[in-house]
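Report on the following structure.
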Amino acid sequence: MSKEIIQFDQAMFETKLDAMVRDKVEQIVNAMLDEEADLIANAARYERSDGRKAYRAGHYARGFTVKAGRLALRIPKLKGAVFESAVIERYRRREQSVEESLIDMYLAGVSTRRVDDISQLLWGERMPSQTLSDKLKRVYDQIDQWRNRPLDSEYPYVFMDGVWHKRSWGGGVENVSVLVAIGVDADGRREVIGVAEGMKEDKAGWEQFIRSMIERGLKGVRLVVGDRCAGLVATVDSMLPKARYQRCMVHFMRNVLSKVPPTHREWASAALKAIFAMESRASALAKAETVASEMETRKLRAAANCLREGIGETTTYLLDEYPAEHRRRIRTNNMIERLNREIRRRTRVVGSFPDGRSALMLVCARIRYVTANEWSTRRYLDMSRLNDRLMEAN
C-alpha cells in the first residue's frame with residue numbers, strides 16, 4: 001500500500017469525537033450552573049452590588065452521567081442562600097434518558113447484574129440493583145394504574161391461563177401462578193385485560209380474578225378459552241352465564257396421548273386430529289365415539305375414558321354461533337401460551353422472587369413491553385362474522 005494514501009482510523013476518530021462532545025457538554029453545563037448562581041445571588045462573581053442577596057463560597061465536585069458520558073460538574077456553593085438548580089435536579093446522578101434506557105433494558109429481559117455491567121461499560125458508572133429497584137417504583141405505579149383501568153369495550157372472546165413461577169412464601173420457596181386474561185374486543189383486536197396473582201390457580205383464585213374484571217367493566221363475553229384448570233369451568237358458568245367454555249384442543253390432545261403407550265401413539269394422534277377436522281360438532285362427537293371404541297379394542301381404556309370425558313367442552317368452537325373463520329384461533333390457547341413463553345423467558349433470569357408483588361410487577365412490565373407494538377393494534381379476527389352469526393341465531 002502506498003504511503004501517500006491517507007488511512008482513516010475509525011475507532012480513534014469515534015473516541016476523540018466522544019471526548020470532544022463530552023468536554024463541550026461539560027463546559028456548557030458548568031457555565032449554566034455558574035449563571036444560575038449569579039441569578040440567585042443577584043450579582044456576578046466579585047461584583048460589588050447593593051442588591052446582592054448571597055455570596056459565593058466556592059464549588060463542590062459532582063459526577064453526572066449523560067448520553068455523552070460522565071461529566072465532572074462544579075456545583076456552586078452560596079452563603080446566604082440555597083443553591084437550587086433548574087438544570088440539574090438535586091441528588092440526581094444520571095440524565096433522565098439514561099435512567100429510562102437502563103429501566104427499558106431491565107424490562108426487556110436483562111438481569112440487574114447485567115444492567116449494572118452495561119451501565120459501567122457505556123457511561124463509566126455503575127447502577128446497583130437496589131438503585132434500579134428504587135427507580136422502578138415509579139414504573140410500578142404506572143403498572144398498577146394499567147392493571148386497574150376500566151374495561152370500556154365488549155370482549156366476545158376471552159383467553160385465560162396461568163404462568164407459574166417460584167417465590168418465597170411462608171419461609172420456603174414454592175410454585176405459585178400469575179393469572180393472565182387476553183380479550184378480543186368488538187373490533188377484533190387483542191388486549192391484555194387482566195393480570196393478577198393466583199396463588200395455586202384454584203377455584204377461589206379464578207373467582208377473585210374474574211370478579212375483579214367484571215367490577216372493572218368486563219361484558220359481552222361469548223366464549224372463554226382455557227385449559228382444564230381447577231375451578232375455571234365452574235367459575236365461568238356461574239359468573240359469566242352468557243359465555244360458553246372452550247377447553248384448549250392442544251392441551252386436551254396431550255392429556256389423552258399421555259395415557260397412550262408409544263406403540264399406539266402415532267395412530268392415536270392421527271385419530272384425534274381427524275376428530276377436530278370435522279366440520280360440525282355432531283360429526284366430531286360421533287367420530288370421537290368411534291375413536292374411543294377403537295381405543296377400548298386396543299385396550300386403551302384410560303385414554304378412551306379421558307376422550308369421552310372431555311370431548312364435549314373441547315368442541316364448543318364447532319357450535320353454529322361461532323363463525324367457521326374463527327375456529328382455528330378460538331379452539332386453542334396458543335395465543336396466550338406464546339405470551340407466557342415471553343414471560344417465562346424473563347422470569348427465568350430471576351429464578352425465585354422475594355415476594356408476590358415483585359413477581360407480579362415484573363410479569364406485568366414484561367407483558368406491556370411485549371404487547372406495545374402491532375400485537376395489540378393489528379386486527380386479530382373479523383368480528384363482523386360473529387355479529388352475523390348472533391343475528392342469525394336470534
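For segment 309-331, which residues satisfy the criterion of being part of a loop (DSSP other than H, G, I, E, B) and open to solvent by less than 10 Å² (accessible area, probe 1.4 Å)?
Correct list: 315, 322, 323.
Can you tell me which residue is nearest to residue 307 (Cα to Cα) among those in segment 268-280 that are in a helix (DSSP H, G or I) and open to solvent by less than 70 Å² (accessible area, probe 1.4 Å)?
Once the filter is applied, the top-ranked residue is 272.
Under the condition of being β-branched (Val, Ile, Thr) and not in a helix (DSSP H, G or I), which residue from segment 207-232 is farthest from residue 151 (Cα to Cα)?
225
Would you call residue 110 more than 30 Å from residue 251 (Cβ to Cβ) and either modelled with pLDDT under 70 or in contact with a Ser or Thr (Cβ under 8 Å, 6 or more places away or on another chain) (or both)?
Judged against the criteria, residue 110 is a match.
Before we move on, is residue 377 of a type in the set (S, T, N, Q) and modelled with pLDDT of 90 or more?
So residue 377 fails the test.
This table checks each residue for (1) open to solvent by 20 Å² or more (accessible area, probe 1.4 Å); (2) part of a strand (DSSP E or B); (3) in contact with a strand residue (DSSP E or B) (Cβ under 8 Å, 6 or more places away or on another chain); (4) among the acidic types (Asp, Glu).
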| residue | (1), (2), (3), (4) |
| --- | --- |
| 187 | yes, no, yes, yes |
| 205 | no, no, yes, no |
| 234 | yes, no, no, no |
| 253 | yes, no, no, no |
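Restricting to segment 209-223, and then to whatever is under 21 Å from the mean Cα position of the chain (by Cα) and of a type outside the set (D, E, K, R), can you tell me which residue is surrounded by the fewest Cβ atoms within 10 Å (Cβ to Cβ)?
The qualifying residue surrounded by the fewest Cβ atoms within 10 Å (Cβ to Cβ) is 212.
The values are calculated or read from the model by the stated rules, or taken from the named source; none is laboratory data. Model, not experiment: these values are computed from the prediction. When we count neighbours, we look across all protein chains shown, and the Cβ atoms used for this are built from the backbone with ideal geometry, even at glycine. Keep in mind that these areas ignore ligands, DNA and RNA; they rest on the heavy atoms of the full protein, side chains included. Shrake-Rupley method; radii C 1.70, N 1.55, O 1.52, S 1.80 Å.
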